[in-house]
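Colleague: I'd like to ask you about the structure that follows.
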Amino acid sequence: MELVCPAGSFPALKAAVDNGADAVYIGFKDDTNARHFAGLNFNDRKAMKALDYARQRDVKLFVAINTYPQPEGWERWRKAVDMAAELQADAVIAGDMGVLGYAVEAHPDLALHLSVQGSATNYEALKFYQQRFNIRRAVLPRVLSLSQVKHVAQHSPVDLEVFAFGSLCIMAEGRCHLSSYITDESPNTCGACSPAKAVRWEQKGEVLESRLNGVLIDRYQEGENAGYPTLCKGRFDVADHIYHALEEPTSLNTLELIPQLKANNVKAVKIEGRQRSPAYVEQVVRVWREALDSYARDPQSFKADPEWMAVLANVSEGTQTTLGAYSRPWQ
Amino acid sequence: MQLSIGSILFFWPRETVYDFYQRMTQSPADIIYLGETVCSKRRELKTGDWLALAKELSGSGKQVVLSTLALLEAESEMKTLRNICDNDGLLVEANDMAGVQVLSEKGLPFVAGSSINIYNARTLQVLHKQGLKRWVMPVELSANTLGLILKDAARLGFADQVETEVFAYGHLPLAFSARCFTARSRDLPKDDCQFVCIDHPEGLAMRSQEQQPVFTINGIQTMSGDVYNLLPEVGKMAELGVDVVRVSPRISDMEILVKQFKSAMDGELTQIPVIAAGDCNGYWYGDPGMLTVPA
């Protein structure tokens with residue numbers, strides 16, 4: 001399985017390449033990608049440098065152009081696709097049908113991957129994108145169980161990539177407007193969820209409050225670990241009971257499922273986190289490289305090494321991990 | 001402009017559903033969407049029941065459209081989708097690209113529901129070429145963006161061949177998950193959910209710890225905490241070229257709501273009622289959806 005790693009900056013890209021990525025994915029410095037954060041991403045000069053660094057080490061470079069252009073922004077998305085083609089990127093990762101349509105018409109040789117933002121959770125949807133846009137690969141939303149992934153893989157006209165590790169979207173990607181309901185930005189429209197500009201922290205006596213555009217997302221007692229107020233990971237009141245009504249702060253970790261993913265014909269595993277530091281990327285990529293190599297050497301006796309799991313738990317949200325939709329209580 | 005009643009997004013008892021549609025056939029609505037769009041475990045009405053009901057209602061002089069599931073994961077759900085698409089003669093609303101694929105392969109016309117991501121005219125054109133007759137604008141888009149999309153569609157030469165529908169009233173469908181949040185609220189696993197959604201005919205309020213309504217839990221769907229209400233905007237919709245105004249079913253007062261919308265659309269309401277306290281309309285103005293912007 002190919003190990004696809006995030007690069008939000010050139011140092012992060014180097015960390016990914018040097019620690020065993022088979023492919024890295026980047027975004028350009030605007031709202032054409034789903035990690036549109038200040039200080040992140042690549043302009044054309046940096047992207048060229050990134051490409052050189054990756055190519056010299058036989059690592060592929062993918063470009064994420066995976067948000068949904070609105071009429072006023074169309075030119076930026078068109079330029080992003082042209083730029084990726086000019087760079088001769090190994091693939092463009094896109095979700096919008098307008099963008100995919102433009103890419104396949106203007107640059108028929110440019111390989112296209114359907115972004116997780118395209119929200120294709122079944123093989124009929126994959127057929128649509130394959131037949132109309134000749135996509136080569138699709139990234140599956142984090143909503144499927146293992147048996148569902150297997151079923152999709154058996155009928156899919158294209159290669160499949162699944163999320164391996166990182167922040168966990170609890171909602172089907174590409175179809176979540178929670179962030180724009182509270183703030184004015186969402187992943188689809190702006191490439192941002194629970195944007196930093198809307199976050200406010202308030203210390204009230206011994207209680208620390210996190211707010212998103214004024215809406216109270218969580219309250220922390222002294223000594224409690226306070227997490228970034230991603231709105232689906234706060235504590236809310238449902239029927240007079242205050243709890244993580246949608247999801248706990250936690251990261252997805254599928255490392256122990258490597259044998260099953262491989263058996264189900266998954267072609268690539270993806271590490272989330274273009275917004276993360278080079279040190280994070282280095283640790284996570286190194287562990288996953290070791291795990292995949294260990295599996296390749298001796299598939300029969302593959303076991304998730306507790307040391308690997310400890311490293312991954314340590315860099316996870318809330319220092320805990322989950323198998324997400326792969327675990328039974330979700331289904 | 002025409003008035004539509006969207007599919008019932010909540011889980012209601014069988015008799016409540018039949019009674020609702022009985023009453024709606026008497027309402028001034030022009031179009032009725034029906035079918036299960038949220039969760040395949042909701043089977044108070046089975047697919048055959050929905051198909052039979054749709055047939056029956058189509059005799060009432062209203063356009064009847066069958067709506068399909070928004071998040072398809074299992075083969076059984078694909079089978080249901082194919083059954084619905086194989087119905088003879090009724091228009092289908094695809095709420096997932098699987099529906100678009102199945103319908104376009106058959107060469108059948110379709111409506112693209114609000115969970116199909118149409119954010120620009122090029123995407124709309126791609127789908128128009130596959131058989132799209134009508135689209136429901138994604139709920140997070142604004143009036144301004146809608147105007148620009150329709151202008152681009154005119155420039156691309158197909159604007160007059162597609163109808164535009166706007167979700168104008170009700171709790172907004174905002175997200176879909178593998179996880180069932182209603183079951184989670186009762187500490188039940190999803191595969192033994194005991195169909196508890198039926199206890200919440202308008203979903204389950206999810207408030208902040210300061211009691212501000214934030215979202216509404218509806219099984220695997222998360223909806224807006226407040227009701228979205230574009231009643232005062234129907235005039236603007238007509239100007240923009242909107243063809244259909246959608247009202248989403250609520251458990252009570254639907255007749256009054258439908259009448260009010262119809263009167264506003266016909267210009268008969270001399271004084272458009274101010275939107276109810278707590279209703280929101282932010283998205284329409286390009287603001288956070290939860291906000292209430294004075295008309």
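Here, each number is a calculation from the coordinates, and none is a lab measurement. Keep in mind that this is a model prediction, so the values were computed, not measured. Cβ coordinates were reconstructed from backbone atoms using ideal geometry, including for glycine residues, and neighbour counts include every protein chain displayed.
Colleague: Which percent of Cα pairs goes in each bin when the distances of the protein assembly as shown are cut into 10 angstrom slices starting at zero?
Modeller: Percent of pairs per bin, in order: 3, 17, 28, 28, 17, 6, 1, 0.
Colleague: In peptide B:59-71, how many Cβ atoms from other protein chains are near each Cβ within 10 Å, on average?
Modeller: Going residue by residue through B:59-71 and averaging, the value is 1.
Colleague: Counting DSSP beta bridges in the protein assembly as shown, what percent are antiparallel, to the nearest 5?
Modeller: Given both bridge residues lie in the protein assembly as shown, the antiparallel proportion sits at roughly 40 percent.
Colleague: Here is a follow-up. At 7 Å along the Cα-to-beta-carbon direction for both residue B:144 and residue A:202, put a label point, then send me their distance in nm to one decimal.
Modeller: Using points 7 Å along Cα→Cβ, the separation is 2.9 nm.
Colleague: Size of region B:72-171 along its principal axes in angstrom, Cα-based, largest extent first?
Modeller: Reported extents, whole Å, longest axis first: 40, 32, 21.
Colleague: Right, next: To make sure I understand the rule: partners must be lysines, Cα under 21 Å from the Cα of residue A:60, and not fewer than 8 residues away in the same chain. Which ones qualify?
Modeller: Filter leaves A:14, A:29, A:46, A:49, A:262, A:267, A:270.
Colleague: Checking the a/c ratio against 1.5 first, then a/b against b/c, what shape does the Cα gyration tensor give for region A:159-304?
Modeller: Prolate, since a/c reaches 1.5 and a/b exceeds b/c.
Colleague: To continue, here is another question. Identify all lysines with a Cα-Cα distance to residue B:259 below 25 Å; exclude those on the same chain that are fewer than 8 residues away in sequence.
Modeller: Straight-distance partners of residue B:259: B:55, B:62, B:236.
Colleague: How many angstrom lie between the Cα centre of region B:193-252 and the Cα centre of region B:1-28?
Modeller: Result: 15 Å between the Cα centres.
Colleague: With an 8 Å Cα cut-off and a minimum separation of 6 or more residues, compute the relative contact order for chain B in percent.
Modeller: Relative contact order for chain B comes out at 20 percent.
Colleague: Let me ask something additional. So which residue, out of A:299, A:71, A:187, gets the largest mean-square fluctuation from a GNM of chain A using Cα contacts under 10 Å as springs?
Modeller: Comparing A:299, A:71, A:187 in the GNM, the peak value goes to A:71.
Colleague: Which whole number gives the average, over all residues in B:110-122, of C-beta atoms from other chains lying within 10 Å of the residue C-beta?
Modeller: So the per-residue partner count for this stretch is 5.
Colleague: To check my understanding: the extent here is largest minus smallest coordinate of the Cα atoms along each principal axis. What are those three numbers for chain A, in Å, largest first?
Modeller: Its Cα atoms span 60, 55, 39 Å along the three principal axes.
Colleague: Same structure, new question: Between rounded, prolate and oblate, where does region A:69-201 land on the alpha carbon gyration tensor, with a ≥ b ≥ c its root eigenvalues, rounded for a/c under 1.5, else prolate if a/b exceeds b/c?
Modeller: oblate
Colleague: In addition: Give, in nm to one decimal, the length gained when the segment between residue A:52 and residue A:228 is fully stretched (0.36 nm per residue of separation minus the Cα-Cα distance).
Modeller: Full-extension gain reported as 59.9 nm.
Colleague: How high is the relative contact order of region A:211-253, given as a whole-number percent (alpha carbon pairs under 8 Å, six or more residues apart)?
Modeller: Over region A:211-253, the number comes to 29 percent.
Colleague: Does region A:188-243 come out rounded, prolate or oblate, given a ≥ b ≥ c as the square roots of the eigenvalues of its C-alpha gyration tensor, rounded meaning a/c under 1.5 and, failing that, prolate meaning a/b above b/c?
Modeller: Oblate shape, in that a/c is at least 1.5 and b/c is the bigger or equal ratio.
Colleague: Also, I was wondering about something else. In peptide B:190-201, how many Cβ atoms from other protein chains are near each Cβ within 10 Å, on average?
Modeller: Taking all residues of B:190-201 together, the mean is 1.
Colleague: Next up: Give the order of A:244, B:128 when sorted by the count of other beta carbons within 10 angstrom, beginning with the fewest.
Modeller: Fewest-to-most Cβ neighbours within 10 Å comes out as A:244, B:128.
Colleague: In deg cm²/dmol and to the nearest 500, what is the mean residue ellipticity at 222 nm of chain B if only DSSP H runs of at least 4 residues count, each as -39500 (n - 2.57), divided by the residue total?
Modeller: Rounded to the nearest 500, the figure is -9000 deg cm²/dmol.
Colleague: Which value at 222 nm does chain A reach when only helices count, each DSSP H run of 4 or more adding -39,500 (n - 2.57), with the total divided by all residues and rounded to the nearest 500 deg cm²/dmol?
Modeller: Rounded to the nearest 500, the figure is -10000 deg cm²/dmol.
Colleague: R0 = 45 Å: FRET efficiency of residue B:56 with residue A:327, Cβ-based, nearest 0.05?
Modeller: The formula returns an efficiency of 0.60 here.
Colleague: Mean separation of Cα pairs under 8 Å and 6+ residues apart, divided by the residue count of chain A: what relative contact order is that in percent?
Modeller: Rounded, it is 20 percent for chain A.
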